[in-house]
Amino acid sequence: MNRREFITLLGGAAATWPLAARGQAMPVIGFLDVRSSEAMGDRLRGLRRGLVEAGYVEGDNITTLYRWGENGIDQLPELAADLVRRRVAVIVAGGGIAAIMAAKAATTTIPVVIIVSEDPVRLGLVKSLARPEGNLTGINFFNSELMAKQLELLRELVPQAVAVAVFANPANANNFETTSRDIEPAARAMGMQIKLLRASTSREIDAAFAEFARERPDAVFIGNDAFFNSRRVQLVQLAAHYRLPTIYSGREYSEIGGLISYGANIADAYHQVGIYAGRILKGAKPSDLPVLQSSKFELVINHQTARTLGLTVPDKLLVAADEVIE
């Protein structure tokens, strides 16, 4: 057999090899988020756990293309378009409304599994929770609807708190509007006075805390926002530096020294997203998968931080807490 015959034979054999052996049958998931990968450890572990339950393991029988916005909202449309050009089998979109809207605008055919903190029906993302229609489905984890409860918990821990500084990110328009609209009446009902602070950059966070040296609030409320989550170390350190009791929207803050947090179990929500993505890879249609609503909520208290601030945590809160960090 001469060299040309051998090459021809080899090429013909390759054409009959199983697609999996040639790496062409491995489905690809696109992951779109406004944050950076460093902020996403627990979330990605939850996602991968859900995929494993559905029968998929990264690098084994699926590939994931990660597209990170690095806190640049304006980059999201192009990142979403890139995933569409690469013909991924499903897109997972989270980290705020901007990423979800970018994915929705980029495709009407590729299934998109979303994780959203606000009502997806009100936002126009799906037709209804039970029957999403279109190519979107996912998880609603309620954090934007928990502000009244978070203020109640703050009041229980800091009974003398009247003046509360509330951080909100104007770059996240939908979230900012929700915070601005809902927190004022909730605070008024408890006799609290709200000062809304706009911050969409690290420098603006620093500047807002610097103002507290002149006009000190009784407590601080960090609104639910992907950018704030990515800057949680900065926020927790500044709250400690200015000795300000602060409530946050997720356990990641309390784990690094934040006083108290209350919100949906985000790792569990991403776990559900992973299961949905796996079901879609197996042939399920997004329109047939109802939007799920988080049922796990966590109250986490950092007792060491409370002692540092001279606060006595009421027994009622200690008993109610899902975790007390000593």
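The values are calculated or read from the model by the stated rules, or taken from the named source; none is laboratory data. Please read all numbers here as calculations on a predicted model, not as lab measurements. Cβ: placed from backbone, ideal geometry, glycine included. Neighbour counts: every protein chain shown.
Under 7 Å between Cβ atoms, at least 6 apart or on separate chains: pull out the pairs that start in the range 214-233 with a residue that is under 13 Å from Ile266 (Cβ atoms) and in the same structural domain as Ser117 (by TED's automatic domain parsing) and end on any residue that is at pLDDT below 95 and of a type in the set (D, E, K, R).
none
Using the structure shown, decide if Ile139 is closer than 22 Å to Val300 by Cβ, aliphatic (A, V, I, L, M) and either touching a residue at least 40 places away in the same chain (Cβ under 8 Å) or surrounded by fewer than 22 Cβ atoms within 10 Å (Cβ to Cβ) (or both).
Yes: the conditions hold for Ile139.
Yes/no per residue for (1) more than 16 Å from the chain's Cα centre (by Cα); (2) in contact (Cβ under 8 Å) with a residue 40 or more places away in the chain; (3) farther than 30 Å from Ala240 by Cα:
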{"site": "Asp268", "(1), (2), (3)": "no, yes, no"}
{"site": "His271", "(1), (2), (3)": "no, yes, yes"}
{"site": "Leu281", "(1), (2), (3)": "yes, yes, yes"}
{"site": "Ala284", "(1), (2), (3)": "yes, no, yes"}
{"site": "Leu292", "(1), (2), (3)": "no, yes, yes"}
{"site": "Glu298", "(1), (2), (3)": "no, yes, no"}
{"site": "Arg307", "(1), (2), (3)": "yes, no, no"}
{"site": "Gly310", "(1), (2), (3)": "yes, no, no"}
{"site": "Val313", "(1), (2), (3)": "yes, yes, no"}
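The rows are residues; the columns are (1) over 30 Å from Ser200 (Cβ atoms); (2) out of contact with any strand residue (DSSP E or B) (no Cβ under 6 Å at 6 or more places or on another chain); (3) surrounded by 15 or more Cβ atoms within 10 Å (Cβ to Cβ).
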position	(1), (2), (3)
Leu44	no, yes, yes
Glu53	yes, yes, no
Glu58	yes, no, no
Asn61	yes, yes, no
Arg67	no, no, yes
Glu70	no, yes, no
Leu79	no, no, yes
Leu83	no, no, yes
Arg87	yes, yes, no
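Among the residues of the range 256-271, is there at least one that is surrounded by fewer than 17 Cβ atoms within 10 Å (Cβ to Cβ) and either out of contact with any Pro (no Cβ under 6 Å at 6 or more places or on another chain) or β-branched (Val, Ile, Thr) (or both)?
Scanning the range 256-271, I find at least one residue that is surrounded by fewer than 17 Cβ atoms within 10 Å (Cβ to Cβ) and either out of contact with any Pro (no Cβ under 6 Å at 6 or more places or on another chain) or β-branched (Val, Ile, Thr) (or both), so the answer is yes.
Given the criterion in contact (Cβ under 8 Å) with a residue 60 or more places away in the chain, outside the structural domain of Gln75 (by TED's automatic domain parsing) and small (Gly, Ala, Ser), identify the matching residue among Ala199, Ala173, Ala187, Ala210.
Ala173
Among the residues of the range 156-187, how many are in contact with a strand residue (DSSP E or B) (Cβ under 8 Å, 6 or more places away or on another chain) and closer than 29 Å to Pro314 by Cβ?
14
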